[in-house]
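Just below is one structure, and these are the notes that go with it.
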Amino acid sequence: MYRKMTTFQFRITGLIFALVNSGVLSFKQRQLAVSPFTPGQFPINSIVVDPKDDKSPLHSTVFYPEVIGTFIPIYFIGGLYGHVLSEDYSDFLTEVASHGFIVIGMDPNSPLLDRYQMQESREKKLDLYLQQMKWLAEHTGNKTTSVADWSRPVLMCQSAGCDDTLEMIHQNTSIAKASVFIDPVSVHSLDMKIIPSKIAVLTYMAELSEAFPYCCIAGMGWNKIYELMTCIKVRMEVKKFGHCDLLDHAAWALCHDTKICRTTDDSRLQEYRSFTTGIVVAFLQWTVFGISDMAKYVTQPALMPLTLKDFAFDITCST
């Protein structure tokens, strides 16, 4: 739950965020930024756009701060090549948005079997994502209280949705300012060489995702994507959590009960969701906003509330 703020608090919070985002605040003032592991301060609303009602290329849910201001857009693709809908991640996406982002879940509107057909089907799906990005920039400005800074987009994904995200970067190395890969699975990464892109990348894995029944496959995920990207790049593996633990409770329960993927129990789901949110927010505030003090929250494990099994980062940008 996000606590209600008064009109005055809305204005002050929006002003502070705008100053940090625009670079007006000094370095010392930026160091006063709030820990990313605390709840976000922006109230969040959402809208749904749909091909039938809105004539958009794809179905999307847009989570946006309910304040007047300009915010960085994050395009999100869910698991199973986007067929796990963004509404199944609504708690997580809302938490990320509450830290000052417009988060857009992009959901395919074509049958799942299209994913396993010819290569031209994959190219068509990728083109639909690009069409949706363009459509959103042209048609959502008057539908939300806050507006997006479309010049600084971020790509974020989970599971096999990351295969499409990685391919978009592979085809256009300047498509985004930063990217976040959560429990990624990318079969196509096996055939890729190093991608000459300066898109910052966070690759993030829950330890149990690579345990039986192997919803993530070693060599096709977080480590591989980390190797393919240049810098800035961060990778981390979080102990004792599973592949579905980021989902809303109903979707998590289905995954847990059917044992499709490994999960933890439901006693620490909020803790895990808040941790993941904090890591994503700190990484983006550092790499997109330029708030250097946020780097410590993704480069110093001692400052992280959960324990990591593996961790690495590269900020040298030498390649």
task = Using the structure shown, decide if LEU208 is touching a residue at least 12 places away in the same chain (Cβ under 8 Å) and either of a type in the set (Asp, Glu) or touching a strand residue (DSSP E or B) at 6+ places or on another chain (Cβ under 9 Å) (or both).
result = no
Answer from ALA295, ALA253, ALA302 - the residue that is of a type in the set (Gly, Ala, Ser) and either in contact (Cβ under 8 Å) with a residue 24 or more places away in the chain or surrounded by fewer than 14 Cβ atoms within 10 Å (Cβ to Cβ) (or both) = ALA302
request  = Scan VAL234, VAL280 and give me the residue that is crowded, with 17+ Cβ neighbours inside 10 Å, part of a helix (DSSP H, G or I) and at pLDDT 90 or above.
outcome  = VAL280
note = The number of residues in the stretch 189-204 that are among the β-branched types (Val, Ile, Thr) and within 21 Å of ILE279 (Cβ to Cβ) is 3
Selection status of PHE181, touching a Cys at 6+ places or on another chain (Cβ under 7 Å) and either assigned to a helix (DSSP H, G or I) or not aliphatic (A, V, I, L, M) (or both) = yes
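For (1) touching a helix residue (DSSP H, G or I) at 6+ places or on another chain (Cβ under 6 Å); (2) in a loop (DSSP other than H, G, I, E, B), each residue gets a yes or a no:
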residue: PRO213; (1), (2): no, yes
residue: THR230; (1), (2): no, yes
residue: HIS243; (1), (2): yes, yes
residue: LEU246; (1), (2): yes, yes
residue: ALA251; (1), (2): yes, no
residue: ASP257; (1), (2): no, no
residue: ILE260; (1), (2): no, yes
residue: THR263; (1), (2): yes, yes
request  = Look at the stretch 150-175 and say how many of its residues are free of Cβ contacts under 8 Å to residues at least 40 places away in the same chain and touching a helix residue (DSSP H, G or I) at 6+ places or on another chain (Cβ under 7 Å).
outcome  = 1
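The values are calculated or read from the model by the stated rules, or taken from the named source; none is laboratory data. As the structure is a computational prediction, the values presented were derived from the model and not from experiment. Every residue, glycine as well, gets a Cβ built from its backbone with ideal geometry; the counts of neighbours run over all protein chains shown.
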